[in-house]
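Asker: Below is the structure I would like to discuss, written out as structure tokens.
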Amino acid sequence: MPGPARIVRTAAAMQRLAKEWQAKKLGVGFVPTMGYLHAGHVSLMQRARKAVGAKGLVVVSIYVNPTQFAPTEDLSKYPRDFARDKKMCADAGVDVIFAPTDKEMYPEGFSTYVIEEKLSRSMEGASRPTHFRGVTTVVAKLFNMVLPTVAIFGAKDFQQAAIVKQMVRDLNFPLRIIVAPIWREADGLAMSSRNKYLSPAQRSQAGVLWLALEQAKTAVAKRAVPAAQLTKMTSWLISTQSETRLDYVEFFDPETLAPEKLVRRGTQMALAVFFGKTRLIDNAKL
Ligand code: AMP
């Protein structure tokens, strides 16, 4: 069994360690998370290990980043369980858990943000206008502290991964981004820390996101279908569940995120659905 991960709490200590690794030319695989870990997160840690090998280092950050939450969102309620996260990281062979405080990340007088201006306008960016500014800012900061050679992001947050890749290109971060597949529950629901918020009734309906993706996949398997028609089909399917409210559904090019009017195999679909106050997202290549 691997030993427990070393816990680092300050930016200075993290950077010091990262520079030692850099001097030794060791590979560093980095998995940024907000904690309350599940099997999807663990799959990213395993992907990081595969990328850097037994001699490399795997770093997981656990930080619920306030700048990516709007004042009306679930920041204070976001689920946390550091003891459990620590155990999951140890079992996954993680070398270092970087878990900074808010004061450490956003000290008094903090005033610099990173803003991606194209890919971040639609979908999650349209529904949550300040969200991606928070994401790109915290990810840039974390990259500068951990100095990874490779960072792993989940396809669960497809738009986020695309924006981070764009930021890495635009700002010349010297690292590689890997996007790893979505891990799902038995009924197709994508694993998410937020699934904990669902009532039993909502949980039993939540498989509808996956059904919507499957429905669209089947519809475009043999011929292209207008996005408007697929949007109607999706809205209808979501509305068959009593606790749901569709926030958005989009069909787009997986590289540019540009909306597609005619949807074919290979088009990316993403949707966001409210179950009461809980908002779940999912996506797939059709
Ligand atoms: P979070 O803790 O929700 O900020 O997620 C941290 C990372 O884990 C992000 O790169 C997510 O895309 C990824 N992730 C979250 N859920 C899943 C999942 N079900 N499968 C794969 N990756 C995931």
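Asker: Under a point-charge model restricted to the Cβ atoms of Lys and Arg (+1) and Asp and Glu (-1), what is the dipole moment magnitude of the range 86-192 relative to its Cα centre, in debye to the nearest 20?
Answerer: Charge dipole of the range 86-192: 200 debye, to the nearest 20.
Asker: Let me ask something additional. Take each of the peptides 101-111, 16-26, 150-160, 125-135, average the number of other beta-carbon atoms within 10 Å over its residues, and list them starting from the highest.
Answerer: 150-160, 125-135, 16-26, 101-111
Asker: When the dipole is taken about the Cα centre of the range 6-180, and only Lys, Arg (+1) and Asp, Glu (-1) are charged at their Cβ, what size is it in debye, to the nearest 20?
Answerer: Computed about the Cα centre, the dipole is about 620 debye.
Asker: Cα centroids of the range 108-175 and the range 59-101: how far apart, whole angstrom?
Answerer: Taking the Cα centre of each part, the range 108-175 and the range 59-101 sit 17 Å apart.
Asker: Now for a different question. Based on the Cβ-Cβ distance of residue 91 and residue 175, what FRET efficiency does E = 1/(1 + (r/R0)^6) give at R0 = 22 Å, to the nearest 0.05?
Answerer: 0.30
Asker: Calculate, in nm to one decimal, what residue 201 and residue 39 gain on full extension: separation in residues at 0.36 nm each, minus their alpha carbon distance.
Answerer: Working it through step by step, the gained length comes to 56.0 nm.
Asker: When the accessible area of the chain is computed with all protein chains present and a 1.4 Å probe, what percentage of it is carbon and sulfur?
Answerer: The computed percentage sits at 54.
Asker: Arranged from highest to lowest average of other beta-carbon atoms within 10 Å per residue, in what order do the peptides 57-64, 75-82 appear?
Answerer: 57-64, 75-82
Asker: Would you calculate the separation in nanometres between label points at residue 186 and residue 12, each defined as 7 Å from the Cα along the Cα-to-beta-carbon direction?
Answerer: Result: 5.2 nm between the two label points.
Asker: Report the residue, chosen from 99, 219, 83, that carries the largest GNM mean-square fluctuation when the chain is represented by alpha-carbon nodes joined by springs under 10 Å.
Answerer: Answer for the Gaussian network model of the chain: 83.
Asker: Using label points projected 7 Å from each Cα along Cα→Cβ, tell me how many nm separate residue 261 and residue 77, to one decimal.
Answerer: My value for the distance between the label points is 4.1 nm.
Asker: Rounded to the nearest whole Å², what accessible area per residue is found for the range 116-207 with the 1.4 Å probe? Please report the intermediate quantities before stating the final value.
Answerer: Details: 3890 Å² over 92 residues.
On a per-residue basis, 42 Å².
Asker: Compute and list, largest first, the equivalent-ellipsoid semi-axes of the chain from the alpha carbon gyration tensor, each √(5λ) rounded to a whole angstrom. All intermediate terms of the calculation are to be shown ahead of the outcome.
Answerer: On the way: eigenvalues 218, 81, 72 Å².
Computed over the chain, the values are 33, 20, 19 Å.
Asker: Kindly express, to the nearest 10 degrees and within the range 0 to 90, the angle between helix 82-91's C-alpha long axis and the longest C-alpha principal axis of the chain.
Answerer: Helix 82-91 sits at roughly 80 degrees to that axis.
Asker: Evaluate the relative contact order of the range 6-180 (contact order divided by residue number), counting alpha-carbon pairs under 8 angstrom at least 6 apart; express in whole percent.
Answerer: Averaging sequence separation for qualifying contacts and normalising by length gives 31 percent for the range 6-180.
Asker: Right, here's the next one. Can you bin the range 193-285 into rounded, prolate or oblate? Criterion: square roots of the alpha carbon gyration tensor eigenvalues sorted a ≥ b ≥ c, rounded for a/c under 1.5, prolate for a/b above b/c, oblate for the rest.
Answerer: Prolate, because a/c is 1.5 or more and a/b exceeds b/c.
Asker: How large are Rg and Dmax for the range 14-167 when only the alpha carbon atoms are used, in Å?
Answerer: According to the Cα coordinates of the range 14-167, Rg and Dmax are 15.4, 45 Å.
Asker: Assuming 0.36 nm per residue, please report the length gained on full extension of the stretch residue 229 to residue 144 beyond their Cα-Cα distance.
Answerer: 26.1 nm
Asker: Using only the Cα atoms of the range 140-201, what semi-axes does the equivalent ellipsoid have when each is the square root of 5 times a gyration tensor eigenvalue? Give whole Å, largest first.
Answerer: 29, 12, 10
Asker: Right, next: Just grab the label-to-label distance for residue 20 and residue 211, each label 7 Å out from Cα along the Cβ direction, in nm (one decimal).
Answerer: For residue 20 paired with residue 211, the spin-label model returns 5.4 nm.
Asker: Which of 239, 259, 126 sits farthest toward the positive end of the charge dipole of the range 105-262, with +1 on the Cβ of Lys and Arg and -1 on the Cβ of Asp and Glu?
Answerer: Projecting each Cα onto the dipole axis, the largest value belongs to 239.
The values are calculated or read from the model by the stated rules, or taken from the named source; none is laboratory data. Since the model is a prediction, treat every value here as computed from it, not as a measurement. When we count neighbours, we look across all protein chains shown, and the Cβ atoms used for this are built from the backbone with ideal geometry, even at glycine. Calculation scope for accessible area: heavy atoms of the full protein, side chains included, ligands and nucleic acids excluded. Shrake-Rupley method; radii C 1.70, N 1.55, O 1.52, S 1.80 Å.
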